[in-house]
1. Scan B:SER278, B:SER285, B:SER248 and give me the residue that is within 14 Å of chain A (Cβ to nearest Cβ) and part of a helix (DSSP H, G or I).
2. State all residues of region A:108-131 that are crowded, with 24+ Cβ neighbours inside 10 Å and acidic (Asp, Glu); if no residue qualifies, say none.
3. Within region A:204-225, work out how many residues are more than 16 Å from A:THR71 (Cβ to Cβ) and either among the β-branched types (Val, Ile, Thr) or away from chain B (no Cβ under 14 Å) (or both).
4. Given (1) farther than 22 Å from A:PHE62 by Cα; (2) within 7 Å of chain B (Cβ to nearest Cβ); (3) small (Gly, Ala, Ser); (4) touching a residue at least 24 places away in the same chain (Cβ under 8 Å), identify the lone condition not met by A:ALA108.
5. Can we say B:PRO239 is out of contact with any helix residue (DSSP H, G or I) (no Cβ under 9 Å at 6 or more places or on another chain) and in contact (Cβ under 8 Å) with a residue 24 or more places away in the chain?
6. Against the definition (in a loop (DSSP other than H, G, I, E, B), assigned by TED's automatic domain parsing to the domain that holds A:ALA233, touching a residue at least 24 places away in the same chain (Cβ under 8 Å) and within 15 Å of the chain's Cα centre (by Cα)), how does A:GLY57 come out, yes or no?
7. Which of (1) at pLDDT below 80; (2) touching a Lys or Arg at 6+ places or on another chain (Cβ under 6 Å) is the odd one out, the single condition A:HIS298 does not satisfy?
8. Tell me, yes or no, whether region B:148-170 has at least one residue that is at pLDDT below 90, over 18 Å from B:VAL76 (Cβ atoms) and more than 14 Å from the chain's Cα centre (by Cα).
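The values are calculated or read from the model by the stated rules, or taken from the named source; none is laboratory data. Since this is a predicted model, take the numbers as computed values, not measurements. Neighbour counts are summed over all protein chains in view; Cβ atoms, including those assigned to glycine, are modelled from backbone coordinates with ideal geometry.
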Amino acid sequence: MPAPPAPGPGPVRPPVDEPGAMPAPAGEWAIETQGLTKAYRGGRRAVDGLDLAVPRGSVFGFLGPNGCGKTTTIRMLMGLIEPTAGRARVLGQPMPAAGRRVLPRVGALIEGPALYGFLSGRDNLRRFDAADPAADPRTREERVGRALERVGLAAAAGKKARAYSLGMKQRLGLAAALLRPRELLVLDEPTNGLDPQGMREIRALVRELAADGTTVFLSSHLLDEIEQICTHAAVMARGRLLTQGPVADLSATALGSHGHARLTVTTPDTADAARVLKECGVTGVEVTDDRVTGELPHPDAPVGGTGDGAPREVAELNAALVHAGVRVRGFGTARASLEDVFVSLTGEGFDVAG
Amino acid sequence: MSLAEAVARTPRPLWSLGLLGSEITMTFRRWRTLALLAVLAGIPVLVGIAVRIETGDGGPDGGGGGEGGPAFLSQVTHNGLFLVFASLAVTLPFFLPMSVGVIAGDSLAGEASGGTLRYLLVAPAGRTRLLLVKYATTLTFCLVSTLIVALSALATGALLFPLGEVTLLSGTSVSFGEGLLRALAIAVAVAVSLTGVAAIGLFVSTLTTSGIAAMATTVGLLITVQILDSLPQLHALQPYLFPHYWLSFADLLRDPVYWDQLAKNLGLQALYAVVFGSAAWARFSTRDITA
C-alpha cells in the first residue's frame, strides 16, 4: 500500500533540485515546443502554434476538453506524428529527428494501454523491452519483474492480457513505461479505468517517481487529479495553449483579481456580516441564502508591506465578525480551484470541441 | 534505480536482434500461425491418401506426362519422394501464398489496429528496423511453411509408398540421396517464389490500420494476378506477374538443371521485393501513426 497522498495542492511544490539527483540536465526544459502546429487535410488545425515549456523535475498537468489537441500534441512529441510547422524538443533534443536517442529515456502511456491479448502480461513487457534497442537483454527479466511489482501486477503477470480488466491493462501499460529508469514520463490519462483505490496508488507512484527526479507530463481531464499531484499545468482548448505555469500562479493569472482565496461565512445574520466584512477590506462581497462570500485582500502579501489597516489574519476577520455580534456558523477560505480556472479559460466545460 | 544508469547505457548493435527474436517467437506462437501451418501440413497427407486410395482401387496408374504440377502425381505411387514435388505444386498456386499473405498483411496493420504499433515505435523500435523485422519474419514464415509442406509430404510419402531411386523429368535416374537434396532445393526455390507476395503484403499492411483488410487485400490481389496470369490475351503482360515463373521449380528435376526460368523467377521476385519493399518503407517511414 503506497503512502497516502501528500496534503492538498498548497503552493507550488518546488521542482526537485536535490544536488546529485540528476546528471546535469541539458537545458532546463524537459519538453519545449515552439509554434508547434498540426494541420490535417482540409486545413483544420488540431494543434495551432503551441509554445509549451515543461520544466525539468516538474509534475506537469496538461489540461483541455476532449478533442482539443492534447493527444495530437503528445503524439508529435513522441515522434508518431510529423508536425506541419514549428519544432519540438524533448530532453533538449529535437523530435522526431533524435527519437532514437531521446525515446529510450522517455516512458510513455499514450491514449490508453495497448497490449497483445494473446500474450501474458509478462510477455507483453518482454516484447516492448525487446523493441528498445538500448535496453540490455541481460537485465530484461529483472527489470520486467520490478516493473510488474511496481504497478502491483506481479501476481497476475502470467495471465493472458486479454483476460485483464481495464484497470489491469492500464497498470501493465504503466509498467511498460517504467521498464527502465526514465528521465521523462508522458502519461496520457493514466488513471483512466482505475477504481479509486487504483487511482490513489497511481498518484502515489507518480509522486514517488517525481521525487526521484523524473519529470512527469500528465494529461488528464480529472482536474482534482491535476490539482492534487501537479506542480505546473497548461490548459489547452481548440488546439491553442491558453495558459501555462505553476499551478498556484495559474489561478491568479487566469482569474485576475478574483484569483485570491475566497472567504465563505455561514451565518443567519448575513446583512451584518456583509457590512463587517466590507469594513475589513473584503471585496466582492456576495450574499446567497445564509452564506456571505468575498475576496480576501491579498492574503499572501509579503510580510513587511504595511497595509491599509485591514486585518492581516483571516482569524482576525472572524474575531471582528464575532465582536460585531454576528453569529458565525461556519467560516472558511478556499483558493480558486483549478476547475474555476479551467471554466473561466475555456468557457465550454467538457463539451467536445468542434 | 538512478537516472545515471539510464544515461550511461549505450545500445549495442546485437541488442537490435532482440526484436527479431521476439517477433519470430511471437508469430510462431500464435494460434493463427499454428492453424495455418497445420492446414499446410494436412494437404500432403490428403493428397497422399487420395493417390493411395485411387491406385488401391486398381484405377489407371497415372496418366499424362510432361510438365506441370499434376505430372508429379502419377509418379507418387512409384516413389514417395514425388509426393513432396506434387504437394508443393498443389500448394504453391494458392495455399502457400495465401498464408504468406495473411502473415504479411497482418504484420503492421495488426499492430496498428491493436494499438501496439505506437508503443513499439516509442520504445523506440525505429520505423525502418521494425519494417525490416516484419519482412524478415514473413520471409522466415515463407521458408518454414514450405519446409512444413515438404516434410509432411516426405513423411506421408515414406509411409504410404515405396522410396528409392528418383527418375528425373529428363529420364535419367539419380540416387535417393540426391533426390532428397533436390527436394530441399525445390523447397528453397518455392520459398523464394513467395518473397514477392510477402513484399506486396507488407506494403498493403502499411496502408491500413485494419489487419483483416490488409490480409483480404493481399489475398485478393493474389487471386486477381493468378487469374490474369491464366488469360492468354494478356500474354505480353504475364512475364511481369509475380506468379508467372512459380512452377519453374520443376526444372530442378532435370538433368542438367534448366536454370533459365529459375533465374527469371528469382529476378522477378527480387524486383517485387525491391519495388514493394521501397514503397512500404516510403509509406511507413513518413506515415502519421494515429491508431
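1. B:SER285
2. Answer for region A:108-131, where residues must be crowded, with 24+ Cβ neighbours inside 10 Å and acidic (Asp, Glu): just A:ASP129.
3. 9
4. Of everything listed in (1) farther than 22 Å from A:PHE62 by Cα; (2) within 7 Å of chain B (Cβ to nearest Cβ); (3) small (Gly, Ala, Ser); (4) touching a residue at least 24 places away in the same chain (Cβ under 8 Å), A:ALA108 misses just condition (1).
5. no
6. Yes.
7. (2)
8. yes
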